[in-house]
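J.: Mind looking over this structure? Questions follow.
Only the coordinates and a few stated rules stand behind these numbers; no lab work does. None of the values given here were measured: they were computed from a predicted structure. Glycine gets a Cβ as well: all are built from the backbone with ideal geometry, and neighbour counts include every protein chain shown.
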Amino acid sequence: MPESGFGLFFGLLRRDALLLYRRRSETLAPLWFALIVATAFPLALGPESAKLARIAGGVVWVIFLLSSLLSLDSLFRSDVEDGAFDVMLASRRSLTVVVAAKMLLNWLSTALPLILLAPVLAYSYDLDQGAQQVLVVSLLLGTPLVCMFGALAAALTAQLRRGGVLLSLIVLPLTLPVLIFGAGAVEAVLTGGSARQPLLFLAAGAVVSISFGPWLIAETLKTG
Amino acid sequence: MHPLLLWFHKTGSPPEFYRLSGKFLPWLIALTALTGLPGLYLGLFEAPADYLQRESVRIMYIHVPSAWMSMFIFAFMAVVGAVGLIWRVKIAEVLARCAAPIGATFTAITLITGSLWGKPTWGTYWVWDARLTSELVLLFLYFGVMALHNAIEDPRRAARAAAILALVGLINLPVIHYSVEWWNTLHQGQSIRLFASDKSSIDPSMLTPLILMAFATKFWFGASLLSRARVQVLEQESGKDWVRQLVRKELGTDDLGKTP
């Protein structure tokens with residue numbers, strides 16, 4: 001072992017970040033998508049602020065689920081196709097570390113921009129301050145689990161020529177509990193309840209996904 | 001080798017499985033008929049109509065066993081898939097693959113009979129009730145597993161991928177169920193829980209057909225699974241010698257023609 005696991009981790013992170021930067025327009029596409037869908041809801045349902053505030057939490061969560069699907073297809077496939085994945089396997093380094101770096105970057109590039117955007121969207125939907133904070137916390141805690149299910153689906157379909165619709169068919173049913181707790185936390189605050197319970201569930205999900213996710217997905221990639 | 005392990009490996013070999021399953025199949029079909037026909041007769045004709053639900057209560061004798069099966073088969077599929085994943089048992093992979101469409105069908109039957117029952121009793125075909133919603137998500141999970149199976153061409157790789165997905169789905173299933181239940185109480189939807197409190201007091205005249213149907217659906221699952229698996233095994237092993245010999249015996253001829 002010439003290098004520590006950390007060296008491998010950060011090296012990969014830098015390489016993949018550079019790749020994402022080189023494909024800027026593709027990397028930013030999910031964000032534009034999120035903005036367009038967020039604009040579509042008021043146009044479809046009408047501009048009354050009371051109604052918009054009521055649905056804001058759910059809308060932001062649905063937008064995140066859909067936009068996270070957009071970047072999944074290329075998560076592992078580009079490496080499998082150009083042979084980089086075989087080199088990683090042949091290097092006898094821990095694939096778990098490789099996958100962890102890829103998952104972290106996937107979260108940084110798809111979830112984090114939307115989490116930063118969420119207060120703006122929520123403000124435009126006239127969601128009040130307290131509920132906005134709960135929305136952001138629910139996104140912070142819930143997005144790792146969604147990204148893990150997404151990465152799992154990407155790993156399962158990495159050897160296929162195209163993941164496409166299959167990816168969404170696999171990911172969406174699995175992520176429904178996250179959606180329920182995430183949007184439910186905001187709903188609970190709006191109706192005067194406590195968001196503690198759903199947020200704790202999401203936190204548990206985040207712990208599980210961060211600690212077991214990379215290992216599970218590395219094993220999935222190996223069997224594929 | 002331990003005799004049990006030996007038996008396990010022997011049954012797991014495709015020719016032996018094909019031979020054994022051929023013997024079991026008629027028995028399973030007979031058992032399905034023996035439990036299913038009296039179960040249906042007792043449920044649809046003999047059992048009393050309900051005071052509140054009238055004749056529509058009879059849908060229960062199909063609906064409830066199918067609902068049990070829809071969850072049982074998913075667990076079966078995940079466990080058998082795990083056996084295939086861990087020990088690379090070919091037959092386990094085939095069984096997991098063949099269980100998925102049967103489970104999806106039972107789930108669809110549950111949803112359809114449920115909504116048919118809901119129309120006269122609840123006044124609507126569909127409500128976003130906790131159990132209805134989680135059953136619908138279960139159907140989506142089945143579709144995901146089946147779609148993944150069909151997308152990957154190599155049957156053994158497809159089986160491994162689908163097994164992982166089924167296992168994750170199985171772990172997620174209780175989470176989905178309880179999250180949907182939590183969501184339902186949050187929204188305070190239609191509070192039309194018919195069986196919520198006094199479920200335990202079910203009359204024997206209704207319990208007997210229900211239990212018979214529960215066994216009938218299990219036996220039917222076994223029969224359907226084996227006949228599907230036999231076809232799948234023949235298809236996957238079509239290049240092997242034992243299949244060649246089998247076809248030769250069935251046709252009663254030595255002339256098979258040259259296959260490329």
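J.: Rounded, prolate or oblate, given the Cα gyration tensor of the protein assembly as shown, with a/c below 1.5 counting as rounded? If you can, show how the numbers build up before the last one.
T.: Details: a/c = 2.44, a/b = 1.16, b/c = 2.09.
The shape class here is oblate.
J.: Mind checking which of A:157, B:212, A:68 is farthest towards the positive end of the protein assembly as shown's charge dipole, using Cβ charges of +1 (Lys, Arg) and -1 (Asp, Glu) about the Cα centre?
T.: With unit charges placed on the Cβ atoms, the residue in question is A:157.
J.: Using the 10 angstrom Cβ neighbour count as an exposure proxy, how do B:213, A:88 rank, fewest first?
T.: Values: B:213 26, A:88 19.
Arranged by neighbour count, lowest to highest, B:213, A:88 become A:88, B:213.
J.: How far, in degrees from 0 to 90, does helix B:14-41 lean away from the longest principal axis of the Cα atoms of chain B, to the nearest 10?
T.: Once rounded, one gets 20 degrees.
J.: Considering Cα pairs under 8 angstrom that are at least six residues apart, work out the relative contact order of chain A and quote it in whole percent.
T.: On the way: 239 pairs, mean separation 60.1, N = 224.
Once divided by the residue count of chain A, the mean separation gives 27 percent.
J.: What angle, in degrees between 0 and 90 and rounded to the nearest 10, separates the Cα long axis of helix B:204-236 from the longest principal axis of the Cα atoms of chain B?
T.: Helix B:204-236 sits at roughly 30 degrees to that axis.
J.: Follow-up question, since we're still on this one. Could you pull out the trypsin sites (Lys or Arg not before Pro) across segment A:77-180 that fall in loop regions by DSSP (anything but H, G, I, E, B) with no more than 13 other Cβ atoms inside 10 Å? Display every interim value, and only then the final one.
T.: Working: sites: A:77, A:92, A:93, A:102, A:161, A:162; in loops: A:92, A:93, A:161, A:162.
Within segment A:77-180, the qualifying trypsin sites (Lys or Arg not before Pro) (loop, at most 13 other Cβ atoms within 10 Å) are A:92, A:161, A:162.
J.: To the nearest µm²/s, what D does Stokes-Einstein give for segment B:54-184 at 10 °C and 1.306 mPa s, using the Kirkwood radius over alpha carbon pairs as Rh?
T.: Values: Rh = 15.4 Å.
My calculation gives 103 µm²/s for D.
J.: Once every DSSP H run of n ≥ 4 in the protein assembly as shown is given -39500 (n - 2.57) and the sum is divided by its residues, what mean residue ellipticity at 222 nm do you get, rounded to the nearest 500 deg cm²/dmol? Each step should come with its number before you reach the end.
T.: Details: 18 runs with 382 residues, N = 484.
When only DSSP H runs of four or more count, the value is -27500 deg cm²/dmol.
J.: Against the longest principal axis of chain B, how steep is helix B:90-122, in degrees 0 to 90 to the nearest 10, with axes from Cα atoms?
T.: Helix B:90-122 and the main axis of chain B meet at about 20 degrees.
J.: At a threshold of 8 angstrom on Cα-Cα distance, excluding pairs fewer than six apart, so keeping six or more, what relative contact order does segment A:7-86 reach in percent?
T.: Working: 20 pairs, mean separation 25.4, N = 80.
Answer for segment A:7-86 is 32 percent.
J.: With label points built 7 Å along Cα→Cβ from the Cα atoms of residue B:157 and residue A:10, find their separation and express it in nm.
T.: Computed distance between label sites residue B:157 and residue A:10 equals 3.6 nm.
J.: Which chymotrypsin sites (Phe, Trp or Tyr not before Pro) from segment B:16-124 combine a DSSP loop assignment with at most 14 other Cβ atoms within 10 Å? Can you show the working numbers first?
T.: Working: sites: B:17, B:18, B:24, B:27, B:41, B:45, B:51, B:61, B:68, B:72, B:74, B:76, B:87, B:106, B:117, B:122; in loops: B:51.
Answer by residue number: B:51.
J.: Defining a contact as two alpha carbons under 8 Å apart and six or more residues distant in sequence, what relative contact order in percent does segment B:50-115 show? Let's see the in-between values first.
T.: Details: 55 pairs, mean separation 28.3, N = 66.
Rounded, it is 43 percent for segment B:50-115.
J.: Now for a separate question. Please report the net charge: other residues with Cβ closer than 13 Å to the Cβ of residue A:127, K and R +1, D and E -1.
T.: Working: positive: A:51, A:54; negative: A:126, A:128, A:187.
After counting each charged neighbour, the total is -1.
J.: Something else now. Using a 7 Å offset from the Cα along the Cα-to-Cβ direction at both residue A:40 and residue B:181, what is the distance between the two label points in nm, to one decimal?
T.: 3.5
J.: I need B:226, A:19 ordered by Cβ neighbour count within 10 Å, fewest first.
T.: Listed from fewest to most nearby Cβ atoms, that is A:19, B:226.
J.: Take the cross-link list B:10/B:218; A:102/A:222; B:90/B:240; B:10/B:240; B:218/B:249 and give me the ones stretching past 23 Å between alpha-carbons.
T.: Values: B:10/B:218 25 Å; A:102/A:222 15 Å; B:90/B:240 14 Å; B:10/B:240 17 Å; B:218/B:249 33 Å.
As for pairs spanning more than 23 Å Cα to Cα, those are B:10/B:218; B:218/B:249.
J.: Would you list B:121, A:223 from fewest to most Cβ contacts within 10 Å?
T.: Numbers: B:121 17, A:223 13.
Going from sparsest to densest Cβ surroundings: A:223, B:121.
J.: Going toward the positive end of the dipole of segment B:49-129, with +1 on Lys and Arg Cβ and -1 on Asp and Glu Cβ, which of B:91, B:56, B:116 do you reach last?
T.: Positive-end residue among those listed: B:91.
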